[in-house]
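This report refers to the structure that appears directly beneath it.
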Amino acid sequence: LVLLASTTTTLITERTREVAVMRALGGRSRPLRRRLRRIAIAITAVGLAVGLPLGVLISNLIARMVLEEFVGVTPDLAVDWVVVVASAVGALIGARLVAARAAARVTRLPLAEALRDRDGAPYGRSSAQRFAARIPTGGLFARLATRASLRRPARTVAVVVQIAAAVGAAFLVPSLVTSVNGFNAASTAPWTWESRTESRDPGLPFDAGALDGLDDVEAGVYSFGEIDDWEVDVFGLAPDTRFFESELRSGRWPSAGSREAMLSAGFAGRRGHEVGDVISIELASGPADFVVVGTADDAGRALYVDRDVLAADLGAPGGANVVWSSDPAPALDLPVATDVVTADEMAAESRAGRDAIVTVFGAIGVVVAGVAALAVVSSMTVSLYERRHELATLQAIGARRRRLRGLLVRELVPIGLVGIVGGVAPVSYTHLRAHETIL
């Protein structure tokens, strides 16, 4: 949208002198504005002829990446014509509105002023420009750089926004990698098992007590429940568990055989639960009440209770459905079919999921950064073209090319720095908010 607005405005503004000549020859403002609008709409239509097919290909590529990685499906090429038509209509209407505003401004300029000024925007007309002219900014070239930035404030703002979009999109990918890595590490850190054996049969099909006393294994209960309409993992742990060692954010561990529970600290804080609160969790067998006696620093959304209490609540006293082990390949004689997953396998699966997410967002980031970079290049090229007479005049009075390059650097560096800060700051804030949302 920024690119569309800035390009359309530039197309109209570049024709200020041409329009002034036509007005001097007797042309009326209304037909001239209509012609300018048609030029902008025609160029937008050409852009749509290239952009829409490219957008279809890119969106299908990203969709294929997502579906192949997360669903295991390779989709055919598909086009949502509603989206295509809406995009085309939106672009044409946007170009029409922006062109109408720019055309009205161009045709309302005093004729003598429009004929005299080649770019239709003499410096010093606005109060802000006159105020800036009084601020000491250094030598001649520093004043010229300041004037160039303030001459067209809308374009300068557009360039800042474009740079911010490009930097934000580029910064998104490493920020996302950091977030995913940090969350994966935090969510697995409390668990110390090397393998996890889960029953394929429903319910709690084997006796937990049969494994008590063994050094390298521990039976437990793993289920799901809902607290405040939020789904949470529910773990039933042995009183002396050796495979879960989370730091406590507050309170203490639940006592053996009690209806006490430990809640994930992030979830507890987000939902307003504190130590001493009685919470109701909806299990598969019905509602159950527990007293929160501690919060675990586990980066998850889980409830930890005594194994036997949870088994009884689920209607299978003394039962279990999961076995944690310090051996990657434990020799278990269980009377049910089981699936075994190792910590290394889970880490590999986590890396694969992370790589898929990064790839998808990386592809989107490349598109956004590419479009924004193209917009910056386009805006700066037009700006330099409009100032070719100014730069040629400086050369004619003795300015060297090195000084002219320095002038451009003084003009662009502040704009670039503002754009970089504008791109990094929102992504950093979103990065922090994402952690809070996950918790």
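The values are calculated or read from the model by the stated rules, or taken from the named source; none is laboratory data. From a predicted model like this one, the values you see are computed outputs, not experimental measurements. Note that we place each Cβ from the backbone using ideal geometry, even for glycine, and neighbour counts take in every protein chain shown. Remember, those area values only see protein heavy atoms, side chains included, never the ligands or the DNA or RNA. Shrake-Rupley method; radii C 1.70, N 1.55, O 1.52, S 1.80 Å.
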Helix 29-70 vs. the chain, principal-axis angle (Cα, 0 to 90°, nearest 10) = 20 degrees
Beta bridge orientation in the chain: antiparallel %, DSSP, nearest 5 = 80 percent
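Give me the percent of accessible area attributable to carbon and sulfur for the stretch 290-331, probe 1.4 angstrom.
Numbers: 640 of 1240 Å².
After summing per-atom areas, the C and S share lands at 52 percent.
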Calculate the length of the line joining the C-alpha centroid of the stretch 304-365 to that of the stretch 1-70, in whole Å.
-> 54 Å
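Mean separation of Cα pairs under 8 Å and 6+ residues apart, divided by the residue count of the chain: what relative contact order is that in percent?
Numbers: 603 pairs, mean separation 97.2, N = 439.
For the chain, the relative contact order is 22 percent.
When DSSP assigns beta bridges and you keep just the ones with both residues in the stretch 204-309, what percent turn out antiparallel, to the nearest 5? Could the numbers behind the result be given before it?
Numbers: 20 of 30 bridges.
Percent antiparallel among DSSP bridges in the stretch 204-309 is about 65.
Count the net charge of all other residues whose Cβ sits under 10 Å from the Cβ of Val275, scoring Lys and Arg as +1 and Asp and Glu as -1.
Working: positive: Arg249, Arg252; negative: Glu274, Asp277.
Net charge in that neighbourhood comes out at 0.
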Rolling a 1.4 angstrom probe over the protein heavy atoms, how many square angstrom per residue are accessible across the stretch 242-393?
-> 48 Å²
Rounded to the nearest 10 degrees, what's the angle between the helix 2-13 long axis and the longest principal axis of the chain, both from Cα atoms, 0 to 90?
-> 0 degrees
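Determine the share of the stretch 1-106's accessible area contributed by carbon and sulfur atoms, expressed in whole percent, with a 1.4 angstrom probe. Walk me through the intermediate numbers first.
On the way: 4290 of 6450 Å².
Its accessible area is 67 percent carbon and sulfur atoms.
Provide the net charge surrounding Ala347, with neighbours chosen by a C-beta distance below 13 Å and charges set as Lys +1, Arg +1, Asp -1, Glu -1. Walk me through the intermediate numbers first.
Details: positive: Arg196, Arg351, Arg354; negative: Glu194, Asp344, Glu345, Glu349, Asp355.
So the environment of Ala347 carries a net charge of -2.
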To the nearest 10 square angstrom, how much accessible area does Phe70 have with a 1.4 angstrom probe?
-> 110 Å²
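Can you tally the net charge around Val376? Count Lys and Arg as +1, Asp and Glu as -1, for every other residue whose Cβ sits under 14 Å from the Cβ of Val376.
0
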Which of (1) 66, 24, 20; (2) 39, 30, 21; (3) 44, 25, 19 is the computed semi-axes √(5λ) of the Cα gyration tensor in Å? It is (1)
Tilt relative to the chain, helix 153-188 - C-alpha long axis, 0 to 90 degrees, to 10 | 10 degrees
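What does the highest-first list of 155-168, 80-93, 211-224 look like by mean Cβ count within 10 Å? Intermediate results must be reported in sequence, preceding the final value.
Numbers: 155-168: 21.8, 80-93: 12.6, 211-224: 17.5.
With the highest mean Cβ count within 10 Å placed first, the list reads 155-168, 211-224, 80-93.
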